[in-house]
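What follows is one structure encoded as structure tokens, with my remarks underneath.
What follows draws every value from the coordinates through simple rules; no lab data is involved. Since this is a predicted model, take the numbers as computed values, not measurements. Counting neighbours? That spans all protein chains shown, and the Cβs are built from the backbone with ideal geometry, glycine included.
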Amino acid sequence: LKSLPRGVRVKRFRALCARKIPCVVVSRGAHLDDELMAVAAAEKIAVFRTPMITMKFINAATILLEGDFSPTVTEFGSMVDILGVGVLIRGESGIGKSECVLGLIERGYSLVSDDVTRITSFEGRELLATSPEVTRYHMEVRGIGIINVASVFGVGAIREEKRLDLVATLKDWSDMEDVDRTGLDREFYKILKMKVPHVTIPVRPGRDTARLIEVAAMDQKLKGLGRNAALEFNTKLLNLMEKKRPNGVA
């Protein structure tokens, strides 16, 4: 704009403002001339100034807008960060989700959300989970009430957001017709058109559900590194059977 004659500069800026743009951001800490500010005021367009260079501001604004306008869904479940693996714990009311999450927090892991989790899809590449602002860092524990996790367990026990890597559904043992004993058949849970690895954890009195969720997260981390214990064991077993098969038997 500075390189243009005054009349042309005002005319072009007025044409820009006539497009009903939400605001004008001036980079490098520069100032708009008084006549340009008057045009913006007449069109009721806000003018902001930033010390950032244009490229860096555009990159930062793009990332922020992607987060604000990306597809978002609400899932009823609690989210925990276990060794860098984001686990969404689902289940019917009263199944023991909060007790399970408390057990994981006591083991040194971090709470992301309790009961209600907001999940956002970023360009269809990954799912990012967080909690609603009003319930952030808080948990409802039946028989005790609402607790502030950061105050009780320390700031290391909370995390504002985490990528979703695994969904674990707690289900009463008596309601399960078949319990997976090998892990060869992988399950997935679809959220915002993306498939997330899924495990179903049978629940009954005496089972350490928190420990089972912890092991499931560790196993998922190994799978992400290319190690699948179920497939490795199956291959080992088939090779052993092949060696012991009598000659001539197909």
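Report the percentage of all Cα-Cα pairs in the chain whose separation exceeds 31 Å, rounded to a whole percent.
In whole percent, the long-distance tail amounts to 48.
From the residues Gly124, His198, Ala150, which one has its Cα farthest along the dipole of the chain in the positive direction, the dipole being from +1 and -1 charges on Cβ of Lys/Arg and Asp/Glu about the Cα centre?
Checking the options against the dipole of the chain, the answer is Gly124.
Taking the Cβ of Ala46 as the center, what net charge do the other residues with Cβ under 15 Å away carry, scoring Lys and Arg +1 and Asp and Glu -1?
Values: positive: Arg19, Lys20, Lys44, Arg49; negative: Glu43.
Surrounding charge for Ala46 is +3.
Given labels modelled 7 Å from the Cα in the Cβ direction, how far is it in nm from Ser70 to Met52?
1.7
Using a cut-off of 9 Å between beta-carbons, work out the net charge of the residues near Tyr189 (Lys and Arg +1, Asp and Glu -1, Tyr189 not included). Spell out each step's value before the answer.
Working: positive: Arg90, Lys190, Lys195; negative: Glu187.
The answer is +2.
Could you compute the net charge surrounding Glu232? Neighbours are other residues with a C-beta less than 15 Å from the C-beta of Glu232; K and R count +1, D and E count -1.
Once positives and negatives cancel, what remains is +3.
Could you point to the residue in Thr62, Ala229, Ala30 farthest towards the positive end of the chain's charge dipole, with +1 and -1 charges on the Cβ of Lys/Arg and Asp/Glu respectively?
Ala30
Treat the count of other C-beta atoms within 10 Å as a stand-in for reagent exposure and order His138, His31 from fewest to most.
Least to most surrounded, the residues fall as His31, His138.
Among 235-241, 162-168, 222-228, 116-122, what's the highest-first ranking by average C-beta atoms within 10 angstrom per residue?
162-168, 116-122, 222-228, 235-241
With the cut-off at 29 Å, tell me which of the pairs Lys162/Lys190; Lys56/Lys223; Lys171/Lys243; Lys195/Lys244 have Cα atoms farther apart than that.
Lys56/Lys223; Lys171/Lys243; Lys195/Lys244
Equivalent-ellipsoid semi-axes (√(5λ), Cα gyration tensor) for region 19-117, whole Å, largest first? Walk me through the numbers on the way to the answer.
On the way: eigenvalues 450, 53, 20 Å².
They are 47, 16, 10 Å, listed from largest to smallest.
Could you give the dipole magnitude of the chain about its Cα centre, charging the beta-carbon of Lys and Arg +1 and that of Asp and Glu -1, in debye to the nearest 20?
Working: 38 positive and 32 negative charges, 277 e Å.
With only Lys, Arg, Asp and Glu charged at Cβ, the dipole is about 1320 debye.
For region 154-250, what value does the Rg/Rh ratio take when both radii are computed over Cα atoms and Rh is the Kirkwood radius, given to two decimals?
Values: Rg = 18.0 Å, Rh = 16.4 Å.
For region 154-250, the value is 1.09.
Could you tell me the relative contact order of region 1-96? Use alpha-carbon pairs under 8 Å, at least six residues apart, and round to a whole percent.
20
Sort 11-19, 128-136, 51-59, 93-101 by the packing proxy (mean of other Cβ within 10 Å over each peptide's residues), most packed first.
Going by the mean number of other Cβ atoms within 10 Å, highest first, we get 93-101, 128-136, 11-19, 51-59.
If the elastic network links every pair of Cα atoms under 10 Å, which of Glu177, Glu232, Glu66 fluctuates the most in the Gaussian network model of the chain?
Glu177
Glu123 versus Arg107, label points 7 Å from Cα toward the beta carbon: distance in nm?
Calculated label separation equals 3.4 nm.
Using only Cα atoms and rounding to the nearest 10 degrees, what angle (0 to 90) does helix 209-224 make with the longest principal axis of the chain?
Helix 209-224 and the main axis of the chain meet at about 70 degrees.
Ranked by Cβ crowding within 10 angstrom, fewest neighbours first, how are Glu43, Glu75 ordered?
Details: Glu43 16, Glu75 19.
Lowest count first: Glu43, Glu75.
Between helix 97-106 and the chain, what is the angle of the helix's C-alpha long axis to the longest principal axis, kept within 0 to 90° and rounded to the nearest 10?
80
What ranking do Arg207, Arg245 get, fewest neighbouring Cβ atoms within 10 angstrom at the top?
Arg245, Arg207
Quick check: residue separation of Glu232 and Asp178 times 0.36 nm, minus the Cα distance between them. What number comes out in nm?
That works out to 17.1 nm of additional length.
For the chain, take the longest principal axis of its alpha carbons; what is the angle in degrees between that and the long axis of helix 54-69, to the nearest 10 within 0 to 90?
50
Among Met176, Ile105, Tyr189, which residue has its Cα positioned farthest towards the positive end of the charge dipole of the chain, with +1 placed on the Cβ of Lys and Arg, -1 on the Cβ of Asp and Glu, and the dipole taken about the Cα centre?
Looking along the dipole axis, the top candidate is Tyr189.
I'd like the Kirkwood hydrodynamic radius of region 6-69, using the inverse of the mean 1/r over distinct C-alpha pairs, in Å.
Value: 12.8 Å, from the Cα pair sum.
Given the -39500 (n - 2.57) contribution per DSSP H run of 4+ residues, what per-residue ellipticity at 222 nm results for the chain, rounded to the nearest 500 deg cm²/dmol? Walk me through the intermediate numbers first.
On the way: 7 runs with 84 residues, N = 250.
Estimated from H runs of four or more residues: -10500 deg cm²/dmol.
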